[in-house]
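This report concerns only the one structure given below.
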Amino acid sequence: MMAVVRETFDVIIVGAGLAGLYTALQLGSDLKILILSEGDITGTNSYLAQGGIATAIGEADDSEKHFADTMACGHFVNDPEAVRVLVDEAVENIRTIEGFGVRFDADERGYKLGLEGAHAMARILRMGDHTGKTVLSTIYERIMEKDNITHYDGAYVYRLITAGGFCGGVEALIEGTQRVFMAGSVVLATGGVGQLFSNTTNAIGIEGTGIAMGIEAGVKTAGLTDLQFHPTGLYGNDHYEGRHFLISEAVRGEGAILRDEKLNRIMDGVHPMKELAPRDVVSKTIHEVLANQSLPYVYLDATHLDESFFRERFPTIYECCMNYGINPAHTMIPVVPCMHYYMGGLKTDLDGNTSLRGLYAVGECSHTGVHGKNRLASNSLLETLVFGRRAARAILRSSGKTEDLRWIHLREVPYFNMSFGSLQNWMTRNMGVVKHYDEISDMRKKLEMALWEPMGYRLPNWEDLRLFHVSVLVHEMLKKTIEERDENEV
């Protein structure tokens, strides 16, 4: 058994996106807080979020309308109590981040509210097309002002330390060195699973690590098969920072039209909201069009917009398109559906508690029940705020006692012959908008053999840990996919 050198904090937060950082700020200055992340804030999905934050804040809007749109978009399998919390606590959290220095686009008449898919009206608070980047950067500035918060980036957290139904810390690799951190409360804010797919809008490193650690520790999960594909990822830029560049739904909110290779409007007759239909409807329609035409993409036609307006309204999108030789005010943008958001994760109550005492989950790695089978646009950043604050308040109400887990030691991990890239490509082919169940059954069996009969065990290194986590999570996703198919066929 190896000797364990431990460092102790009151609260450990894994992840540096908006969910993790906002939770940290809500904990106040009396607790010793550690934030661990693989990279800096620019490597998070929060940083990439273009659209904004959905909030019923306009004169003609109210939380009942926001509630109705959220439920309808989620196919009415959302947890209504969680949705009620989300919409009712939206404005007060917006006021909180404005107190931290966030300034949304506004004029003399008030907020400039954006319109996005499946919303009955404009209710998206925004900052151009870089809302996530600006909000997260502002929140991080407040984090850096706190003497009680320590942030280690370059930290690969790979295991929860548990005993007796309690989570008391984490094990991590930092600069190749194994580290052990203990705390009375551990918060996972590790994001979704987008990088399990080769066609994704998600940042590098968003591979479901936190969810996989929870599964390994026996934490209850929910919604593991609920994947959301964004209809409009820029086609042909597969190596843009390891992801497809996202063409925000807000562009369709300004009247952009989806067209096939013959320039027919593909959403005509499909849904009354046409291009602003729920994302699953639009993505499925594009998939069907692609199967029946020669081009591997459809067009997003925003040429009705004046170039100066497009450049001012969507500066990030304009710059990226121009870098690829596309002037979006004069040329239609080639787009394809891409893996974008995960509605599944570690099951939590309304205060972020998981089934493992002392362990909380917030943001995309959690399953609060608010999104149902399909997330309503711009509810994601809102979820991080509402449930991040609730988790922080639950932690403050708890004893915060760090349990003595003296017998915990650094364990070896299995390794096996499998390529991360090949698994990514397999997920894209078989777990996309349309699922191929024969292939899914075969891969589930292969992953079972790899996990149950690995080539061997050795002390942790980054590549072994990455593949192990991915395999654990994908196996559970495939298992649940087959189970759901079988239930539906009965």
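Worth pointing out:
- Residue match in the stretch 82-90 (condition: within 27 Å of Thr225 (Cα to Cα), among the charged types (D, E, K, R) and touching a residue at least 60 places away in the same chain (Cβ under 8 Å)): no
- Tallying residues that are in contact (Cβ under 8 Å) with a residue 24 or more places away in the chain and either farther than 21 Å from Phe229 by Cβ or touching a helix residue (DSSP H, G or I) at 6+ places or on another chain (Cβ under 7 Å) (or both) within the stretch 322-335 yields 6.
- Selected residue [out of contact with any helix residue (DSSP H, G or I) (no Cβ under 8 Å at 6 or more places or on another chain), at pLDDT below 95 and buried (at least 16 other Cβ atoms within 10 Å of the Cβ)] from His244, His239, His287: His244
- Restricting Glu145, Glu216, Glu175 to residues that are under 23 Å from Gly345 (Cα atoms), assigned by TED's automatic domain parsing to the domain that holds Glu59, out of contact with any Cys (no Cβ under 8 Å at 6 or more places or on another chain) and surrounded by fewer than 22 Cβ atoms within 10 Å (Cβ to Cβ) narrows the list to Glu216.
- Within the stretch 332-358, the set of residues being over 27 Å from Phe245 (Cβ atoms), surrounded by 24 or more Cβ atoms within 10 Å (Cβ to Cβ) and under 19 Å from the mean Cα position of the chain (by Cα) comprises Leu346, Thr348, Gly352, Thr354.
- Evaluation of Val270 against (1) outside any loop (DSSP other than H, G, I, E, B); (2) touching a helix residue (DSSP H, G or I) at 6+ places or on another chain (Cβ under 6 Å); (3) surrounded by fewer than 22 Cβ atoms within 10 Å (Cβ to Cβ) (one fails), failing number: (1)
- Unique match (being within 28 Å of Ser63 (Cβ to Cβ), at pLDDT below 95 and more than 21 Å from the chain's Cα centre (by Cα)) among Glu171, Glu98, Glu92, Glu108: Glu108
- The number of residues in the stretch 469-490 that are without any contact (Cβ under 8 Å) to a residue 60 or more places away in the chain and either under 22 Å from Thr428 (Cβ atoms) or among the charged types (D, E, K, R) (or both) comes to 10.
- Among the candidates Thr96, Thr134, residue that is without any contact (Cβ under 8 Å) to a residue 40 or more places away in the chain, assigned by TED's automatic domain parsing to the domain that holds Leu31 and among the polar types (S, T, N, Q): Thr134
- Of the strands (runs of 3 or more DSSP E) that lie entirely inside the stretch 91-187, those containing 2 or more residues that are of a type in the set (Gly, Ala, Ser) span 155-163, 166-174.
- Test: residue in the stretch 382-389 that is in contact (Cβ under 8 Å) with a residue 24 or more places away in the chain, in the same structural domain as Thr23 (by TED's automatic domain parsing), hydrophobic (A, V, I, L, M, F, W, C) and touching a Gly at 6+ places or on another chain (Cβ under 7 Å): yes
- Count of the stretch 293-323 residues which are over 21 Å from Ser283 (Cα atoms), hydroxyl-bearing (Ser, Thr, Tyr) and loosely packed, with under 15 Cβ neighbours inside 10 Å: 1
The values are calculated or read from the model by the stated rules, or taken from the named source; none is laboratory data. The model shown is predicted, which means the values in this text are computed figures rather than measured ones. Quick reminder, even Gly has a Cβ in these numbers, built from the backbone with ideal geometry, and neighbours come from all protein chains shown.
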